[in-house]
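This report concerns only the one structure given below.
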Amino acid sequence: QYKLGKAQVLSDQTKGFNNTVVIAAAGSLAPYALKAQKELAAQEIGSVVINPSILNNVDVDTFKKYVNQCGGNLITLEDHRAIGGFGACLAQALANASVAVNMGSLGVDDHFGRSAYQAEQLYKTNGLDDKAVVAKALELF
């Protein structure tokens with residue numbers, strides 16, 4: 001159930017896997033994270049997908065619990081500039097809580113924006129789709 005300010009665990013598929021990762025994805029990118037979760041399971045990597053609720057006011061307790069459960073492995077997926085974005089906020093909040101992370105962030109690189117008829121085209125162009133999440137997760141292990 002969604003509650004403003006409380007991170008929402010959308011799916012926890014970590015049981016029975018030796019390698020696990022937290023995938024933090026908000027809004028329209030959450031379905032890509034859930035699709036990546038299925039692809040990762042096929043490659044024997046478990047994951048928990050978390051919707052952060054508020055990007056710049058991190059629910060540290062929820063993220064701390066799951067990041068620790070996943071051995072510090074964390075991927076953030078954001079549909080805006082990665083520099084100074086949600087991943088940076090989350091990394092700082094976890095560091096302040098003494099949580100060690102092995103982290104990868106996926107976001108828009110430092111370039112002028114583009115347009116498309118469908119968001120899916122932009123996500124793929126900017127490396128924000130499920131395949132990019134899987135590739136980033138594989139880099140962590």
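The values are calculated or read from the model by the stated rules, or taken from the named source; none is laboratory data. Just so you know, these numbers come straight off a predicted model, no measurement behind them. Cβ sites come from the backbone with ideal geometry, for glycine too, and all protein chains shown count toward neighbours. For accessibility, only protein heavy atoms count, side chains too; no ligands or nucleic acids. Shrake-Rupley method; radii C 1.70, N 1.55, O 1.52, S 1.80 Å.
Quick notes on this one:
- Against the criterion of being in a helix (DSSP H, G or I), under 15 Å from Phe86 (Cα atoms) and within 13 Å of the chain's Cα centre (by Cα), Leu29 qualifies.
- Subset of region 19-42 (residues that are of a type in the set (A, V, I, L, M) and open to solvent by less than 50 Å² (accessible area, probe 1.4 Å)): Val21, Val22, Ile23, Ala24, Ala25, Ala26, Leu29, Ala30, Ala33, Ala36, Leu40, Ala41
- The set of residues in region 92-106 that are open to solvent by 30 Å² or more (accessible area, probe 1.4 Å) and over 19 Å from Ala30 (Cα atoms) comprises Gln92, Ala95, Asn96, Ser98, Ala100, Val101, Asn102.
- Once region 107-141 is narrowed to residues that are aliphatic (A, V, I, L, M) and at pLDDT 95 or above, the residue that is most open to solvent (accessible area, probe 1.4 Å) is Leu138.
- Matching option when the condition is open to solvent by 40 Å² or more (accessible area, probe 1.4 Å), within 20 Å of Glu139 (Cβ to Cβ) and more than 14 Å from the chain's Cα centre (by Cα), among Ile45, Ile83: Ile83
- Conditions (1) within 16 Å of Val134 (Cβ to Cβ); (2) without any contact (Cβ under 8 Å) to a residue 60 or more places away in the chain; (3) within 15 Å of the chain's Cα centre (by Cα): number failed by Glu39: (2)
- Listed conditions (1) within 12 Å of the chain's Cα centre (by Cα); (2) open to solvent by 20 Å² or more (accessible area, probe 1.4 Å); (3) touching a residue at least 24 places away in the same chain (Cβ under 8 Å) are all met by Lys64, apart from (1).
- The one condition from (1) at positive phi; (2) modelled with pLDDT of 95 or more that Thr76 does not meet is (1).
- Residues that are of a type outside the set (A, V, I, L, M, F, W, C) and buried (at least 16 other Cβ atoms within 10 Å of the Cβ), drawn from region 2-18: Gln8, Asp12, Gln13, Thr14
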